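Here the structure comes first, spelled out in structure tokens, and everything after it is commentary.
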Amino acid sequence: MGLFGGIFSKDKKEHLDKGLAKTKENFFSKLGKAVAGKSTVDDEVLDNLEEVLVTSDVGVETTLKIIEAIEQRVARDKYLGVDELNRILREEIAALLSENNSGDLEDFDVPSGTRPYVILVVGVNGVGKTTTIGKLAARFKAKGLQVMLGAADTFRAAAVDQLKRWGERVGVPVVAHGMHTDPASVAFDTVKKAVEQQADVVIIDTAGRLHTKVNLMNELGKIKRVIQKFVDTAPHEVLLVLDGSTGQNAVNQAREFTKATEVTALAITKLDGTAKGGVVIGISDEFKIPVKYIGVGEGLEDLQVFNKMAFVDSFFG
Amino acid sequence: MFDSLSVRLDKAIKNLKGQGRITEINVATTVKEIRKALIEADVNYKVAKQVTDKIREEALGRDVLVAVSPGQLLTKIVDEELTRLMGSTHAPMELKGDPAVVLISGLQGSGKTTFSGKLAKMLKGQGKSVMLAACDIYRPAAIDQLRVLGEQIDVAVYAEPENKDAVQIAKNAIKQAKAHNKKVLIVDTAGRLAIDEEMMQEIANLKQALQPSETLFVVDAMTGQDAVNTAKTFNERLNFDGVVLTKLDGDTRGGAALSIRMVVDKPIKFVSSGEKMEDIDLFHPDRMASRILGMGDVVSLVEKAQQTFDEEEARRLNKKIRKNEFDLNDFLSQLEQIKKMGNVKDLMGMIPGMGKVAKDIDLDNDSFKPIEAIIKSMTPKERANPDILNGSRRKRIARGSGTTVQEVNSLMKQFGDMRKMMKTMNKMGGMKRGLANLMGGR
């Protein structure tokens, strides 16, 4: 912990540990197996390492990149042991994450000075957008921020109701026009109301859409343009929500949504299952988009601010 | 849907093309490429290894015939292997009991509720009386979602919003279904993680209490390596009868489906794509394997064509093509036929060799709009005789259709090329029959 203690307070670390316990256990027990009874890194260990990374959804390219880096280090230092392998692996992955995640958030907060701070939440169907918004609203509210939600998912059956329930539960207002209304006009009204009532944060829910549907992707562009009519710097954040159990398709999602709306942040959900979340590394490696939030459970407190060092640390104990 | 995989396998197999026979050396690189492609398609690491080992064995064991290139031979072997992996033939659903209960299970966000609606609509279309039961008592508005879907497809939904006991609700739903003489009851349940002991116990209890005639495990086609673990755990607890693959309309490679099939040895029964209630299909392993290999899903294409193509119309068109009288009216009616068949991009993916092309272009049904507008802005005379389109006519058409003269010109050029191509095809006897078959649908 020592090194990371200053960045990450203890209770938060424990919670992240709990949520990621499964991840860690899997990765660690596999890694343990990979190097069991060996004093130096040989080809077999590297092969096993490949399996560990690939089965964690890290992806072929990224895995090869990591392994190559390790091979180079092994070539340089012939007497590389298990402990060192552990440390080097951690370093290599952290490096991939760090390249693009220069400034981790310290807590749930939005930059001061920008009011209202508009967050547009996008993603494919079923990744947990609405749930993430509910939890995010609760977190911001607990920080003393005035939050307003916009129900611009007017497509999926009962999506508006679902967001309204979250609004009631958390105690924040929800702007809604009902089902099958124009999402852009809902977004516009939400931002308008937020300005009038001097809200601090606006979070706009959108319908889940597969990134291959051109028209729906264009609709996101429209929502963005309409919001800008009112607050020309908005949206200040476009949050792409990814399902942690998704495989390599998450990379395509990141690519296509970035094309359509210039995604500025990622949230990875459902990391409390057996999914390893290795996809985070792959995406972080390929795109210059920081991971901001991770979801590690059902509870309100299970949405957390992503901290790459703690994340990597949780992987390797 | 499996485009990316076929592109990669194509590339892998290309290495073999032009070589006389399969040797240890030339098959090794190809097999490695195939494995990499499978893993990138989210096929489980171990499964991919098994498959490629088998492919290598098969490839080395076989005599290379003079008539077949090693690449073709390997394609055939991979095709066979993937088909076998996915279960060879289509497995139908069993509906026994009064009412026959179908229990729907899966992770959060896998698409259970939407699938429940689609299944209900499909069964209703087969003349069965269906009822839906809302047993997701956790997610806010889950009951509402099912109710809205039920209204859309005109199927009764049983729900008890105040009741927090899923088993009890489901039991009451059975009684209700019996009372209303419903033959099938589809029970939608809450999403749950495989490691959530309490929730897994709940679904196990549901199965125990309901004794469903069919238990389905719904899985997102985009799921990664973890699909195998999840499916294993659900299968251990539920011993489900079949798998449903959802969201197959994206660019997902769907490798997880292959792994699940192999690891739990349960058939994939349905595939579902899109948000419309009619977007549900039976799963056909042989067709899917062909798609994976970029050999195209010609069978599905022909079936779709048969469903939608007006045979009279096709015969008329065919005659016109042969006489080289194909005009813009025919072109327009052809566009409409194609649109009726569904998403253009999906259709293109089914044509052999087109999967790669379809992947790279932005194409949807709206792409036809400007073309239609241009043609519809023409007079009947112009449509029948495109050759009379001079500068001022083109200007008028551009204004009328809200396009530019350049766009009109480029359409006319394309149309001209198309006619030329048809002329050439007419000259080549064999091709004519091929085209006639495709257009006639049989």
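Values in this text are rule-based calculations from the coordinates and carry no lab data. What you see is a predicted model, and the numbers here were worked out from it, not measured in a lab. Cβ atoms come from the backbone with ideal geometry, glycine included; neighbour counts cover every protein chain shown.
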* **Label-point separation in nm, B:E325 to B:F368, each point 7 Å along Cα→Cβ** => 2.4 nm
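For A:Q197 and A:L300, compute 0.36 nm times the residue count separating them, minus their Cα-Cα distance, and round to one decimal in nm.
Values: separation 103, 0.36 × 103 = 37.08 nm, distance 2.58 nm.
Taking A:Q197 through A:L300 to full extension adds about 34.5 nm, to one decimal.
Give the calculated FRET efficiency between B:A204 and B:D154 to the nearest 0.05, with a Förster radius of 25 Å applied to their Cβ-Cβ distance.
In this case the efficiency is close to 0.15.
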* To do: Determine the alpha carbon to alpha carbon distance for each of A:K143/A:K222; B:K232/B:K269; A:K259/B:K118; B:K319/B:K423; B:K96/B:K178; A:K164/A:K213 and list only those over 20 Å.
  => A:K143/A:K222; A:K259/B:K118; A:K164/A:K213
* State, in angstrom, two size descriptors of segment A:131-177 derived from its alpha carbons: Rg to one decimal place and Dmax to the nearest whole number. => 10.2, 32
* Structure fact -> Here the residues of segment B:256-273 lying in the modelled label zone of B:E236, meaning backbone nitrogen under 20 Å from a point 7 Å along Cα-to-Cβ, are B:259-267
* Asked: Bin by bin, in steps of 5 Å, what percent of the Cα pairs in segment A:216-267 do you find, going until the bin that has the longest distance?
  -> 5, 19, 27, 23, 14, 7, 4, 1
* Would you mind ranking B:M222, B:M412, A:M148 by Cβ crowding within 10 Å, fewest neighbours first? => B:M412, A:M148, B:M222
* Kirkwood hydrodynamic radius over Cα pairs of segment A:163-251, then Stokes diffusion coefficient at 20 °C and 1.002 mPa s, in µm²/s -> 147 µm²/s
* Would you list B:S110, B:S377, A:S245, B:S401 from fewest to most Cβ contacts within 10 Å? -> B:S377, B:S401, B:S110, A:S245
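Of A:K65/A:K135; A:K288/B:K36; B:K124/B:K175, which sit over 27 Å apart, Cα to Cα? List each step's numbers first, then the result.
Working: A:K65/A:K135 35 Å; A:K288/B:K36 25 Å; B:K124/B:K175 20 Å.
Over 27 Å apart, Cα to Cα: A:K65/A:K135.
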* Structure fact -> Most exposed to least, judged by fewest other Cβ atoms within 10 Å, A:M179, B:M421 sort to B:M421, A:M179
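Are there any trypsin sites (Lys or Arg not before Pro) in segment B:119-180 that are in a DSSP loop and have at most 13 other Cβ atoms within 10 Å? List them by number. Don't jump to the answer; show the numbers that get you there.
Details: sites: B:K121, B:K124, B:K128, B:R147, B:K164, B:K171, B:K175, B:K178; in loops: B:K128, B:K164.
Answer by residue number: B:K164.
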